[in-house]
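The values are calculated or read from the model by the stated rules, or taken from the named source; none is laboratory data. Given the structure is predicted, the values throughout are model-derived calculations rather than measurements. With ideal geometry, Cβ positions are generated from the backbone for all residues, glycine too; neighbour counts draw on all protein chains shown. Surface accessibility is based on the protein's heavy atoms, side chains included, excluding ligands, DNA and RNA. Shrake-Rupley method; radii C 1.70, N 1.55, O 1.52, S 1.80 Å.
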Amino acid sequence: MGFEEEYQAFMKAHLQVRTGERLRRLQEGHSHAERIFLRQVWWPVFYQFSYLHPEYEVNDFKDGKRYLDFAYIRPAIRICFEIDGYGPHLKNISRWKFSDSLERQNQLVIDGWNVIRFSYDQVKEQPRRCQQIVQQVIGRWLGDELDQSSLSIVEKEVLRLAIRKGEAISPIEVEKYLNLSDKTVKKILSQLVNKKMLIPASGTMRIRSYRLGEQVKNPV
């Protein structure tokens, strides 16, 4: 299915299991900015919405409730993605509200959340950069998962390089990173392609770049 079909199914699934304030918040709080984030940033990277929760309720440090634009939750990882708009209301924000916003973010970090914030302009005008940041932050978890795989130590390091960079890597980069010969690097990259961990991205037969394969790219 394409984005629109998956998006509608994603929203329907969350709306069906919510009641009261949690339902109202999802109906009214999930706006154009959040939809643009999903379409231009999340979807081109993962092509699905597993483990992602819109307008996710958390306990407030003042014993109330707050809602995160998106929460990505898996065992041992909790990431908050916030899309901040820009307008007159932000220009005129009071010092108290500004301090309250900072306190809210600090409390999330204390509670074990990784907090990633984008402006609406970033999501709209620089989606590729936002994609790289999302991929990198989730890649931190994925990098740990590599330790549990049957890949060789060198293969794992090549994949970690690609995860951290968030975009295609070249054989020359791998050579410099691991201090290995051209012949050895070509062999390692070929092995990772055969294992569907990397995909040839572009270039000539002699110089080629590689991007993460679907098995690595889609940890959701």
>> If I ask for residues that are part of a helix (DSSP H, G or I) and at pLDDT 90 or above, which ones from region 109-133 would you list?
In response: 120, 121, 122, 123, 124, 125, 127, 128, 129, 130, 131, 133
>> Looking at the structure I just gave you, is residue 154 over 20 Å from the mean Cα position of the chain (by Cα), open to solvent by less than 60 Å² (accessible area, probe 1.4 Å) and modelled with pLDDT of 80 or more?
In response: yes
> In region 24-51, which residues are more than 17 Å from residue 127 (Cβ to Cβ), in a helix (DSSP H, G or I) and open to solvent by less than 40 Å² (accessible area, probe 1.4 Å)?
Replying inline: 26, 29
